[in-house]
1. Which residue pairs have Cβ atoms under 9 Å apart, sit 6 or more places apart or on different chains, and have a first residue in region 56-71 that is under 15 Å from Ser170 (Cβ atoms) and more than 6 Å from the ligand (Cβ to nearest atom) and a second that is at pLDDT below 80 and assigned to a loop (DSSP other than H, G, I, E, B)?
2. What number of residues within region 97-117 are more than 16 Å from the ligand (Cβ to nearest atom) and touching a residue at least 60 places away in the same chain (Cβ under 8 Å)?
3. Could you check Asp131 against (1) surrounded by 21 or more Cβ atoms within 10 Å (Cβ to Cβ); (2) out of contact with any Ser or Thr (no Cβ under 6 Å at 6 or more places or on another chain) and say which number it fails?
4. Assess whether Ala99 counts as being open to solvent by less than 10 Å² (accessible area, probe 1.4 Å), within 14 Å of the chain's Cα centre (by Cα) and under 26 Å from Pro193 (Cβ atoms).
5. Given the criteria within 12 Å of the ligand (Cβ to nearest atom), at pLDDT 95 or above and either among the small types (Gly, Ala, Ser) or surrounded by fewer than 18 Cβ atoms within 10 Å (Cβ to Cβ) (or both), does Ser159 qualify?
6. Answer with yes or no whether Ser170 is more than 10 Å from the ligand (Cβ to nearest atom) and either under 27 Å from Met192 (Cα atoms) or not β-branched (Val, Ile, Thr) (or both).
Amino acid sequence: MESGFGVQRRAGGGSPAVGASQRRRKMPPRAADYKLQVIIIGSRGVGKTSLMERFTDDTFCEACKSTVAVSLEGQQQQRLDTAGQERFNSITSAYYRGAKGIVLVYDITKQETFEDLPKWMKMIDKYASEDAELLLVGNKLDCESDRAISRQQAERFASRISGMRFCEASAKDNFNVDEIFLKLVDDILSKMPLEVPSKELSNSVLSLQPEPEIPPELPPPRMRCC
Ligand SMILES: Nc1nc2c(ncn2[C@@H]2O[C@H](COP(=O)(O)OP(=O)(O)OP(=O)(O)O)[C@@H](O)[C@H]2O)c(=O)[nH]1
């Protein structure tokens with residue numbers, strides 16, 4: 001249950017006068033200065049694909065099918081047999097490892113998606129680089145009347161994890177979506193050395209489905225002691 005993509009960022013971009021989605025539609029394509037791998041993780045149905053599609057294409061699908069595929073940009077699209085856990089795990093660990101940014105999503109209307117967050121953090125602790133930027137996103141803010149998780153609860157969760165930022169968003173209403181990804185990329189770039197080695201760059205895209213598998217032995221967690 002991960003989605004991800006290569007985010008392209010041009011140097012000296014600054015804050016746009018128009019929305020970033022508008023800029024994406026109107027500006028002619030130009031070679032990117034960097035390609036950074038960002039993955040989007042979270043429980044089933046929280047809106048990972050919707051956030052990604054809102055950011056990349058400025059589209060929203062009301063009745064999307066669940067993601068069950070791995071795709072490698074410019075290459076083949078391959079259906080995953082969810083029983084094929086071994087192959088899945090090696091792909092998962094590779095993509096976590098390569099991620100410069102991780103967007104961890106829950107649904108503000110679904111308690112269980114918030115309760116799953118510690119499991120996702122275990123995956124991050126096990127597989128991701130310590131330097132990866134982390135962003136917690138409470139999606140479906142347009143469903144305020146069905147809210148099950150308060151902003152304060154989520155802020156408390158994020159504050160216990162070193163370097164994790166938090167925001168709420170709506171892929172449906174296109175609220176905070178550009179901000180999520182552009183801020184994440186700015187944070188990643190601000191940490192990078194001026195000369196980025198080419199092996200650091202990635203152009204792969206990932207979209208996976210199975211439930212998070214909790215590793216039996218975990219490295220020291222990012223959770224801070226209270
Ligand atoms: N109201 C509302 N619905 C949303 C929002 N984002 C996604 N959805 C809906 O939630 C459902 C699941 O969205 P997806 O983007 O497929 O969620 P996902 O996390 O990629 O789901 P999986 O691939 O199954 O893990 C779809 O019906 C979307 O239309 C949002 O911001 N607001």
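The values are calculated or read from the model by the stated rules, or taken from the named source; none is laboratory data. Just so we're clear, the structure is a prediction, and the values are computed from it rather than from any experiment. Don't worry about glycine lacking a Cβ; one is built from the backbone with ideal geometry, like all the others, and counts go over all protein chains shown. SASA here: full protein model, heavy atoms, side chains in, ligands and nucleic acids out. Shrake-Rupley method; radii C 1.70, N 1.55, O 1.52, S 1.80 Å.
1. Within 9 Å, the pairs are Asp58/Gly19.
2. Going through region 97-117 one residue at a time, the tally reaches 4.
3. Exception for Asp131: condition (1).
4. Values: open to solvent by less than 10 Å² (accessible area, probe 1.4 Å): yes; within 14 Å of the chain's Cα centre (by Cα): yes; under 26 Å from Pro193 (Cβ atoms): yes.
Here the answer is yes, as Ala99 does meet what is asked.
5. Working: within 12 Å of the ligand (Cβ to nearest atom): no; at pLDDT 95 or above: yes; either among the small types (Gly, Ala, Ser) or surrounded by fewer than 18 Cβ atoms within 10 Å (Cβ to Cβ) (or both): yes.
When the stated conditions are applied, Ser159 does not pass them.
6. Details: more than 10 Å from the ligand (Cβ to nearest atom): no; either under 27 Å from Met192 (Cα atoms) or not β-branched (Val, Ile, Thr) (or both): yes.
Against the criterion (more than 10 Å from the ligand (Cβ to nearest atom) and either under 27 Å from Met192 (Cα atoms) or not β-branched (Val, Ile, Thr) (or both)), Ser170 does not qualify.
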